[in-house]
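What follows is a set of notes on a single structure, which appears directly below.
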Amino acid sequence: MANIPPEEIAELHEDAIQRLGTKEANLIDTANRISQPLIELLVAYTTMGFREHLKKREREEAILQRSERELTIRNKIAKVFLTVPDDEMYGEVLTVVLEAMKSKHGLFGYIDENGDLTAHSMTRDVWDQCRIPDKKIVYPRQEWGGIWGRALTEKKTLFSNKPFKVPEGHLPISCALVVPVIHHGESIGTLEVANKATGYDDRDIQLLETIADRIAPILNARIERGEHEKARKQTEEILKQTVADLEHFAYVVSHDLQEPLRMIRSYMQLLSQRYKGKLDSDADDFIGFAVNGASRMQTLIQDLLTYSRIGTRGNPCEPSDCEDVLKEILANLKLTIEDSGAEVTHDPLPTIMADALQLIQLMQNLIDNAIKFRGEKPPHIHISAQQKENEWEVSVADSGIGIDPQSFDRIFKVFQRLHTKNEYPGTGIGLALCKKIVERHGGRIWVKSEPGRGSTFLFTIPAAEGDGLR
Ligand code: ADP
């Protein structure tokens, strides 16, 4: 009860008590009126209470206004982070911050993967008006200095309302406030504002710190995403280069091997013609094996050469009518089709954007396989195409021996076969070639099959404008 009476009306209170005391301690006088000192005291108390109430409301309103303002700024910043691409984002955030901080100039930078401060976003006129030699936007850690360098290394807010000593040519700085953006205890960026007309006070500090706190997790996510993206691009580049090197290597090797191999084969054939039956029977067999081996090697090398040429020697995409492509394939495979008694049917086929020669190679390989792996009965092969969203899905279905699902991935790899060359001839490069062609066109290839129940090979080719069924 030490506060009663409150200090501001203590005198009035004392006076009232004194005056009441002199009036026989009656609160109501003989005319039934409330005694004057009591009225004065009551009025004083009521007024004081009312004033207190007003002050409290003012305080509450100020807090509310501040938090509404903070919320607006927060929303604006979140929106920029979410909607604006990287190269413009930092500048846009800075604009929101400067407006909120009523500051003319500023900087929003982040610590890059080397630990250096990168500040793509400075107020435009800082950059334009700055005349110091050697202007830069990346500040290596060992060169950090001044108020912002200290704020970053000491991880604390710093400000000054006194004009700064700046290098010659630098924009004059009358006052500045620097808040490090801290995430998990580490400085990941900095927010700097400068040249507010009235200088910076505690409320400015509190507001900029709140903004920096809000920015921290989003900035961190952005930086991490940027780093992942960069690492992914680097890996992709390395991979592309490796594939290109390998392709070149395969090309050179297979190309250069052809010549000596041709010589071995020719001389082996010569030996066989001239000396067959003149040496002992073992020698005849040995020469025969050598000729076969050389022939097989030649086929393998030629296949490898064809494979290595897909990426490097392809033609550009052009509208290719799949029905014309099929006609050409059927002409190429005329003998095989007749020998096997194969029946090839098709739905209406579209015109698609493709390297026509490679499209022939692709579909011919699939149809050739469908005939080769036919099993007992004469094969029936059906080709169809469907448009799915923004790509064409083409399928080649057969009635052949089928494939065990465990081998679905394997068969698309170079030289991978499920049968010996005595069961079915081949080098095992056909489907690898198909995969490479499809991927060069930006599509996918896969198979659906069950042993003994035929196979359906499907591939996609992105649909370009103007495509359509005839
Ligand atoms: P190759 O035909 O020279 O053996 P491919 O790369 O074209 O090489 O095919 C790889 C393997 O996939 C084949 O050896 C075969 O086992 C299997 N295969 C391919 N197409 C079919 C098909 N239509 N039906 C059954 N098996 C198939």
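Only the coordinates and a few stated rules stand behind these numbers; no lab work does. Fair warning: this is a prediction, and the values are worked out from it, not measured in the lab. Note that each Cβ is placed from the backbone with ideal geometry, even for glycine, and that neighbours are counted across all protein chains shown.
Here are the numbers for this structure:
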{"quantity": "Gyration tensor (alpha-carbon) shape descriptor, the range 101-228, a/c threshold 1.5", "calculated": "oblate"}
{"quantity": "Protection proxy ranking, peptides 48-58, 146-156, average beta carbon neighbours within 10 Å, highest first", "calculated": "146-156, 48-58"}
{"quantity": "Percentage of interatomic Cα-Cα distances in the chain larger than 43 Å", "calculated": "56"}
{"quantity": "Charge sum, other residues only, whose C-beta stays under 10 Å from Trp446's C-beta, Lys/Arg counted +1 and Asp/Glu -1", "calculated": "+2"}
{"quantity": "Relative contact order computed over the range 250-371 (Cα-Cα under 8 Å; 6+ residues apart), in percent", "calculated": "28"}
{"quantity": "Those lysines that a straight Cα-Cα span of less than 29 Å connects to Lys162, excepting residues fewer than 8 apart in one chain", "calculated": "Lys102, Lys104, Lys135, Lys136, Lys196"}
{"quantity": "Charge-dipole axis of the range 318-470 as Lys and Arg at +1 and Asp and Glu at -1 on Cβ define it, positive-most pick from Ala354, Ser340, Pro451", "calculated": "Pro451"}
{"quantity": "Mean-position separation - Cα centroids, the range 62-78 and the range 371-441, in angstrom", "calculated": "62"}
{"quantity": "Under the Karplus curve 6.51 cos²θ - 1.76 cosθ + 1.60, θ = phi - 60°, whole-Hz ³J(HN,Hα) for the range 222-233, x wherever Gly or Pro sits", "calculated": "4, 4, 4, 4, x, 5, 4, 4, 5, 4, 5, 5"}
{"quantity": "Directionally averaged projected area (convex hull, Cα atoms, the range 234-311), nm²", "calculated": "5.8"}
{"quantity": "Global form of the range 371-448, assessed from the alpha-carbon gyration tensor, a/c cut-off 1.5", "calculated": "oblate"}
{"quantity": "Rounded tilt (10° steps) of 36-83 against the dominant C-alpha axis of the chain", "calculated": "20"}
{"quantity": "Computed [θ] at 222 nm, deg cm²/dmol, the chain (DSSP H ≥ 4; -39,500 (n - 2.57); rounded to nearest 500)", "calculated": "-18000 deg cm²/dmol"}
